[in-house]
Structure formats: C-alpha cells, structure tokens
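Engineer: Once you've had a glance at the structure underneath, I'll fire off some questions.
Where a number appears in this text, it was derived from the coordinates with a stated rule and is not lab data. Bear in mind the structure is a predicted one, so any value in this text is a computation, not a measurement. Glycine gets a Cβ as well: all are built from the backbone with ideal geometry, and neighbour counts include every protein chain shown.
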Amino acid sequence: MASTTEPRRRLSREDWIDAALIALVAEGIEGVRIDRLCRDLGVTKGSFYHHFEGRDGLLEALAGYWSDVAPQEAVAVVDSFQGDPMKQLIEVARLVADRDIGRRDHAMRAWAAADSRAARSVQRADRKILGVLEKIMAGIGVPEDEIHPLTRVLFFTSLGAHDAPTLFDGRSRDSLSKYLLRLVGERAERSTG
C-alpha cells in the first residue's frame, strides 16, 4: 500500500535562518529556540543539527545573514536602475516599505543591544546601506558636504517610521517619503543651479 503522506522537503540552511528571523521579529531573541523552530517548520531536531552544531551556530548565521545578505537587496535595486539615481532612491525607499524591513531591523537592533555579535552585524549592515545611499546621493547631484547628513536623515527617518507606527500609517509614510525625495531633488538642483 502506497503512502498517502507527502514526503517532507529537505530544509536548507537558509530555511532555518529565515525561520529564525521570523521568530526574532515575533518574539525577540528568546523566541529563537531550536524546539520552537522545529515545531514551526514541522521537522525534527536532526534536521536542525544537519546544518548547525547548536543554537549559537544558528545565531552566528543569522547575524551573518543580516550583515551580508540583507543589504544586497538594496544593492540589487540600485544595480537594476543604473543611470537613474532618483529612481534608485525611490526603489530603495519602496523596498524598505514593501519588504517590511523596518520590523526586521528593529528586531535585529533590539538583539544587538544585548549581544556584541549582533551589534557588529547591524553596524556592518548599516555601513553598507549608508554607502549605497551615499552613492545614490552623489549620483543625484547632492552637494558633497550635504551627502553625509542627508543620507543619515533618510536612514534614521526610515527606521523611526517603523518604530512609531501610531505616528506613521501608510498614508503619512508615503507623504513623508515624497517630502524627503523632493528635499533630495531640491538639494541637487541647488548644487547645479
């Protein structure tokens, strides 16, 4: 008699990291537990230990993901709109909203407050994202002496919008984004005009 159950798919290392990030957002670092992840994924601990020696190995991989893989989303957006820096900026801003990066970022920063490995990961990711934004600002024509502060205003505003959801609903976030994009455009025009 043939089995009527579907065979379980093999989980990759990335599947475990994704599940850990989801748990981190939902419950903080305390939620990233092997037994909980196994339950959520419907697998045994053997599947986990195939990829990681223990929870610490998973946390190391999660930190590495945040600093190496997560910023690549912004880089990919920039690369796909070569030659149009304003469109790059618009798409990076949209990426933050569409991918709910703010909630993930908030969870990573909360973890980083108590864990040096996570803190280093967040710092590396921040440097990469700020570097992408600075390159875009230079491409738009923002004066060199204004790139650093304006980039940080955009970055901090994006973070703050997600940390204060009662102040920034979808409509007010869109309005703020449009204002900031207009501000960037005006700074560039002053430089060339």
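Engineer: Can you pull the one-decimal nm distance between simple spin-label points at R36 and D68, each 7 Å off the Cα toward Cβ?
Structural biologist: Simple spin-label model gives 2.5 nm for this pair.
Engineer: Here is a further query. Taking the simple approach of a point 7 Å from Cα along Cα-to-Cβ for both K178 and E27, what is their distance in nm?
Structural biologist: 4.2 nm
Engineer: For K45, which aspartates and glutamates qualify as cross-link partners when the Cα separation must be under 15 Å and same-chain residues fewer than eight apart are set aside?
Structural biologist: Within the straight-line cut-off, K45 pairs with D15, D35, E53, D56.
Engineer: Within 12 Å, Cβ to Cβ, of A125, how many net charges do the neighbouring residues add up to if Lys/Arg are +1 and Asp/Glu are -1?
Structural biologist: +2
Engineer: Turning to a different aspect of this structure: In the neighborhood of A61, defined by Cβ-to-Cβ distances under 13 Å, what is the net charge if each Lys or Arg adds +1 and each Asp or Glu adds -1? Spell out each step's value before the answer.
Structural biologist: Numbers: positive: R13, R55, R117; negative: E14, D15, D18, E53, D56, E60, D68.
It works out to a net charge of -4.
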